[in-house]
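The values are calculated or read from the model by the stated rules, or taken from the named source; none is laboratory data. In this text the structure is predicted, and so the values were computed from the model without any measurement. Quick reminder, even Gly has a Cβ in these numbers, built from the backbone with ideal geometry, and neighbours come from all protein chains shown.
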Amino acid sequence: MEITQALLAAQSPDGQIRTVAESNLKQFQEQNLPHFLLSLSAELANEQKPPESRRLAGILLKNSLDAKDSFRKEQLTKQWVAVDPAIKSQIKEALLTTLASPVSDARSTSSQVIAKVASIEIPRKEWQDLIGKLLANMTTKETPASLKQATLQSLGYVCEEISPSDLEQDQVNAVLTAVVQGMNQSEHGFEVRLAAVTALYNALDFAQTNFENEMERNYIMKVICETAVSKEPEIRQAAFECLVSIASIYYGLLEPYMQTLFNLTANAIRGDEEQVALQAIEFWSTVCDEEIAIQEECAGSDEGNSVLHFRFVEKALHVLVPVLLETLLKQEEDQDQEDGVWNLSMAGGTCLGLVACTVGDAVVPLVMPFVQANITKSEWRSHEAATFAFGSILEGPSVDKLAPMVHNGLDFLLSAMKDPSSHVRDTTAWTLSRIFEILHSPSSTIIDNSNLPKIMSVLLESIRDVPNVAEKVCGAIYFLAQGYEDAGPSSSVLTPYLGNIIAALLSTADRTDVSSNRLSSSAYETLNEIVRCSSIPENANMIAQLLHEILKRLGQTMEMEIVSSDDKERQSNLQALLCGVIQVIIQTLNGSESLPVILQSADQMMVMFLRVFACHSSTVHEEAMLAIGALAYTTGPEFAKYMPEFFRHLERGLQNFEEYQVCSISVGVVGDICRALDDKVLPYCDGIMSVLLKDLSNAVLHRSVKPPIFSCFGDIALAIGEHFEKYLPYVIPMLQGAAELSAQIECTDEDTEEYVNQLRRGIFEAYSGILQGFKSAKADLMLPYAGHLLQFTEAVFKDKNRDEGVTKAAVAMLGDLADALGPNLKLLFRDCTFHAEFLGECFQSDDDQLRETATWTQGMIRRVLVS
Amino acid sequence: MAPPPDHRRPIKRVAISDQQRRRELALRVQADRRSDAQNRARQLASSVLSLGPVTEVEPELEQEQEMSDASDQSGGRTELDPVRAASLRGPEVRRWFATQLMLPEWMVDVPPLLDSDWYVFPRPSGKRCFVVSSNGTTVSRLRNGSILHRFPSSLPNGARTKDVSGPSSSYSILDCIFHEADETYYVIDMVCWRGYSLYDCTAEFRFFWLNSKLSETGASDPPSQYHRYRFNVVQIYECNLIGLQAAYLGQVSYVKDGLLFYNKHAHYQAGNTPLALVWKDNVCSQYVLDTDNQGQIPSQQQVVLELQNDGSLTTSDDPPVALGCLSRDMIAQYGLRVGNLVRVEVRDDSVKLVDGKLDLGDLQLVGKPNRSRAFADTYSKVLFQYAARRAPLRIEDLVASIQSNPSVENSQALDIEMEG
């Protein structure tokens, strides 16, 4: 096959030609992968070939080495490793040759492919001469600038792909030397220097040892600081990016440079081009991140400052805050139209918010004069900036400090909701929502009977403002309501307004003067919070009416005209929001006297949910699933009548391993259904169990779904009791395998730690359910595993990373084991004594539930021991 | 325009993320329900109240007979067994309940180590009952199993109010005395709390739990719409001289009916136990001597005993103690059947002590006891009542027993107070 022709044809504007070419290439790849890869690399390296075919050759090569999906990536890695070494070395030669190509596209593609090969080979201790070969390009006098640039790029990408432990220190030293030399202004032109500073950014992680050496550190910092004032803004921006990264990785080593860095960043924020100034602000935001993290860490330990805390933000406060306040005045005219817009004023406000979180009260006297001086000015920029500054510092300082100012300012803010400038109204509404979110709670007096009527009337009027303002108003209502959550009887304070709020939110959700579904989504989500906070039963009738209205709207979504994929997405989003509201209504009325409202509408709801499923051929609607789970629990055994129809959707949800959230929710719904139906779930268990077991052995399924599946085994076993016996031969090996796995996983980070805990909790919950289910009839089936269970529990007990959830589940399972197997375990319990120590630890806990569980387990074990 | 750096969230982006919140809440609710379901299966759970309403019928003699059969079978059982209870219906529920209270023996001797191993508290006068709260209602049941009140209360899940503190089906059981005068339940023991059994816990722990947990609820608040009766804890004392004095003479808000002594290390045990003791004299009780059916104190001691098939009359102890017998004529004359309870009069001249055991000899039938009576007297009660009419165990004997313990200090206090 003529590879050049195929590569060109694959980019043809003619769809038919393209399809044929693509399938030819695919066929080639499948039939002879090594040869395919070799041909691609030859194409990329060949200066006689057109740039277009070389480019695509490079991309295909890259895609044959790496994929986003980790399972696919693993497959690709295996394939590459299996390729004949002689062919691999030809390919790598071709790639290195291409770095010297006069065609910049080819150079750049090649450097990316080199990094992908390196990411596979260097950790396997292969291609050990790569770094040396690249560095040789840099040290040879006559190397053209284009090759140097491509080489630096390659070094940067390689550093990005591999981990610091994959390189020897002398290699790191050589890379850093080459990169830092590449930044030298007198020797190199723009492109080489930009490539060098970008490469340095990627190599910073590798420079641990070099940063710990004062001389080397001083040198690197000096070069970066010089680069931060280069004449080209792209290079200045890249230099500040390096400084941002250094602030995060090497916070503890920054002190000697802070004065210089402060001057550099302040100048950049004040006067440099926006892209540079944004990075300079980001430097301070990052310093705040670090100091907030240090303060949180210190707050949790009694050992005081175990981590060095230099209080850079506090020390720079008097000069930093004015610099940031200036940025607030640099708004853009259309900045409120887009969500998450990023410009000087937004970055400055965000940084100011972080400063407030870092230093607390100290920020207030530095910001308030700016607020007072500007908030009454009629010019919108001043008024908006003052409001934004005030809103930004509401989190961090103490309530005592803020409450008087908020009290005095609230009336002014409410009247500003009628300001002619929509910028001002937007920021004012946002500030109100921040006030309610952070400072309003049942115990605070920010809102009382004297100002609530005014607040409500302003909010209900402003919700009709332009969409971006209306969205912020929804946020304000959301947090206003949330402040009354858990307030007990005082949540009925909102009762007089409830009708109007609900009506306003429903009509806001219907607005057509919008460019996205953000407003309608905010309106429905706010409605959820209103439902949660409405006190039942006094508002039960209103909630019942709302339920009918929402069901009606859900019905209308089925009539929507669906032409494009956008229509489809709009329908799907709307259905998700409406199902969300229904779910919240069910949860809220559940357990109250108003439960009949739900039961009366159960049929209608279920019909709607099934129609929602029917609208979406491939995916099962997550929100509908959640709502069904809530409904199942509420209706109890009655839910059995929906099962024949619902089951296939449930099964599909459980099989949806691509969208793991859907799968995860579906697993939870199985639990709800087990508790609703008890042994009536039996006819569906074969189906459910086989999908769940398949899910567990599925390498692609997101790991977070697996622990809940184990817990779900417990739910099923508890519901069907002795009938679970037939699944035991499959389930026990899975549980034992998972227990073993949980002991082998190395906890290098918090996520992994948490995962191991979740996994173990799931395992314990599974055993608890099985033991309880078998207790009256088949307990002896579990006898052979009792020893393993005690060993596993002991291992978990000794794990210092064990969290409280695992502790609870483990202690409860110990009790279940003693309860179910009784005197059979007398010797086992007598021989392994850790349980006494374990229970002793639980009795020291602050958690009532844990102490109570431990008390019960102690009783169960004692009963075994005296039997 | 450049987007913000990956991890940087613009401060002005509205922070509502209700979907994640819904997801988390749903997961939390599911987790709660799972632990609820598992706890229920942990036999600590709800069947006690899900037994359904029981029609208020005074137990017939017929039923009493079965009831005592049931109590015979229950010999080895020490713990409330809801699984068994769940299968019970109607009158069976009452019978089942009737066997669940821990019943103190009467103190006929002072137990050793009274001051170090025992608690003492003044027993409120009134109706002993179980109070069970679950699923939004509270029910109190008398010793014979019949319902005293069904009402809303601030106990956990004791009323249909928005209670966020736990699954609504988890239940709590308190051992109480209902004091008519101030319409208050005085809690003397805690058997289950929020679904967790305290059977296997020591009295020391149960009292600690009772005091700390009850105060977390509003159960001791004055009555209100969702809280019909007040629940008060009884002040419990270490049984040293000071504690005994306080329990014996101290002012309380209720009418005292004797003193209760609880062994600190004893678990809650259904039925009669020597690890809880009751003692009375005329200072701390109006009811030292038993009354007859008319509420009068008879001139001769009367006891209620159960007829066995050999004609002997036995106590309700486990195993039963035979105290005397009834002639066949008498049985025939009154149409008595095995298991019936009878009220008999103790005649001084026929009472013998055989091997340290009381034998009442020939007994004079007075009649059948009150129909609500479910049990015969216990041996310790008969003995206490017998002694009370002749040589009662006096408060001085209790004091002396404590004083004889060398570890006791401050031994004068009680004597002095008692002079006055």
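Tell me the helices (runs of 4 or more DSSP H) entirely within the range A:789-867 that contain at least 3 residues that are within 14 Å of another protein chain (Cβ to nearest Cβ).
A:804-821, A:834-843, A:848-865
Of all residues in the range B:270-292 being polar (S, T, N, Q) and surrounded by fewer than 16 Cβ atoms within 10 Å (Cβ to Cβ), which is farthest from residue B:358 (Cα to Cα)?
Going through the qualifying residues, I end up with B:286.
Any idea which residue in the range A:434-480 is surrounded by the most Cβ atoms within 10 Å (Cβ to Cβ), counting only those that are of a type in the set (D, E, K, R) and under 27 Å from the mean Cα position of the chain (by Cα)?
So, considering only residues that are of a type in the set (D, E, K, R) and under 27 Å from the mean Cα position of the chain (by Cα), the one surrounded by the most Cβ atoms within 10 Å (Cβ to Cβ) is A:471.
Just to be sure before I move on: is residue A:54 in a helix (DSSP H, G or I) and touching a Ser or Thr at 6+ places or on another chain (Cβ under 9 Å) in the structure I sent?
It is true that residue A:54 is in a helix (DSSP H, G or I) and touching a Ser or Thr at 6+ places or on another chain (Cβ under 9 Å).
Could you name every one of the helices (runs of 4 or more DSSP H) located completely within the range B:61-166 that has at least 1 residues being out of contact with any strand residue (DSSP E or B) (no Cβ under 8 Å at 6 or more places or on another chain) and modelled with pLDDT of 75 or more?
In the range B:61-166, the matching helices (runs of 4 or more DSSP H) lie at B:114-117.
Consider residue A:593 carefully, then state whether it is within 14 Å of chain B (Cβ to nearest Cβ), surrounded by 19 or more Cβ atoms within 10 Å (Cβ to Cβ) and charged (D, E, K, R). Reasoning before the result, please.
On the way: within 14 Å of chain B (Cβ to nearest Cβ): yes; surrounded by 19 or more Cβ atoms within 10 Å (Cβ to Cβ): no; charged (D, E, K, R): yes.
When the stated conditions are applied, residue A:593 does not pass them.
Could you please give the count of residues in the range A:484-542 that are buried (at least 19 other Cβ atoms within 10 Å of the Cβ) and part of a helix (DSSP H, G or I)?
26
Does the range A:220-235 contain at least one residue that is closer than 28 Å to residue A:187 by Cβ and free of Cβ contacts under 8 Å to residues at least 12 places away in the same chain?
Yes, the range A:220-235 contains at least one residue that is closer than 28 Å to residue A:187 by Cβ and free of Cβ contacts under 8 Å to residues at least 12 places away in the same chain.
If you take the residues in the range B:200-214 that are crowded, with 19+ Cβ neighbours inside 10 Å and more than 11 Å from chain A (Cβ to nearest Cβ), which one is nearest to residue A:861 (Cα to Cα)?
B:203
Hand me the list of helices (runs of 4 or more DSSP H) wholly inside the range A:324-434 holding 2 or more residues that are in contact with a helix residue (DSSP H, G or I) (Cβ under 6 Å, 6 or more places away or on another chain), farther than 26 Å from residue A:444 by Cβ and among the small types (Gly, Ala, Ser).
Values: elements: A:344-359, A:364-374, A:380-392, A:399-416.
Of the helices (runs of 4 or more DSSP H) lying wholly inside the range A:324-434, those with at least 2 residues that are in contact with a helix residue (DSSP H, G or I) (Cβ under 6 Å, 6 or more places away or on another chain), farther than 26 Å from residue A:444 by Cβ and among the small types (Gly, Ala, Ser) span A:344-359, A:380-392.
What do you reckon, is residue A:362 more than 14 Å from chain B (Cβ to nearest Cβ), under 23 Å from residue A:293 (Cβ atoms) and crowded, with 17+ Cβ neighbours inside 10 Å?
Criteria met by residue A:362.
I need the full set of residues from the range A:571-590 which are more than 19 Å from residue B:19 (Cβ to Cβ) and crowded, with 21+ Cβ neighbours inside 10 Å, in order please.
A:589
Which one of the conditions (1) within 31 Å of the chain's Cα centre (by Cα); (2) away from chain B (no Cβ under 13 Å) does residue A:639 fail to meet, given that it meets all the rest?
(1)
Which residue pairs have Cβ atoms under 6 Å apart, sit 6 or more places apart or on different chains, and have a first residue in the range B:252-268 that is touching a residue at least 60 places away in the same chain (Cβ under 8 Å) and a second that is of a type in the set (D, E, K, R) and part of a strand (DSSP E or B)?
B:257/B:123; B:258/B:123; B:260/B:123
Yes or no: the range A:395-403 includes at least one residue that is closer than 27 Å to residue A:448 by Cα and within 11 Å of chain B (Cβ to nearest Cβ).
Yes, that holds for at least one residue.
Can you pull out the residues in the range B:357-387 that are farther than 23 Å from residue B:311 by Cα and over 24 Å from the mean Cα position of the chain (by Cα)?
Hit for the range B:357-387 is B:387, nothing else.
Return the residues of the range A:325-359 that are touching a Gly at 6+ places or on another chain (Cβ under 9 Å) and within 9 Å of another protein chain (Cβ to nearest Cβ); say none if nothing qualifies.
Passing the criteria: A:346, A:349, A:353, A:354.
Could you pull out the residue among A:801, A:824 that is more than 23 Å from residue A:708 (Cα to Cα), of a type outside the set (Phe, Trp, Tyr) and in contact (Cβ under 8 Å) with a residue 40 or more places away in the chain?
After ruling out the rest, the residue left standing is A:824.
For residue A:530, state whether it is of a type in the set (Val, Ile, Thr) and within 25 Å of residue A:424 (Cβ to Cβ).
Details: of a type in the set (Val, Ile, Thr): yes; within 25 Å of residue A:424 (Cβ to Cβ): no.
Here the answer is no, as residue A:530 does not meet what is asked.
Among the strands (runs of 3 or more DSSP E) lying completely within the range B:172-271, list those that include at least 2 residues that are more than 19 Å from residue B:154 (Cβ to Cβ) and of a type in the set (A, V, I, L, M).
B:256-263
Considering only residues that are more than 22 Å from residue A:750 (Cβ to Cβ), under 41 Å from the mean Cα position of the chain (by Cα) and surrounded by fewer than 21 Cβ atoms within 10 Å (Cβ to Cβ), which ones fall in the range A:796-834?
Residue satisfying the conditions is A:834 alone.
Can you find, within the range A:765-788, the residue that is surrounded by the most Cβ atoms within 10 Å (Cβ to Cβ) among those that are within 40 Å of the chain's Cα centre (by Cα) and more than 14 Å from chain B (Cβ to nearest Cβ)?
Only one residue fits best here, namely A:782.
From the list A:421, A:392, pick out the single residue that is among the small types (Gly, Ala, Ser) and surrounded by fewer than 19 Cβ atoms within 10 Å (Cβ to Cβ).
After applying the criteria, what remains is A:421.
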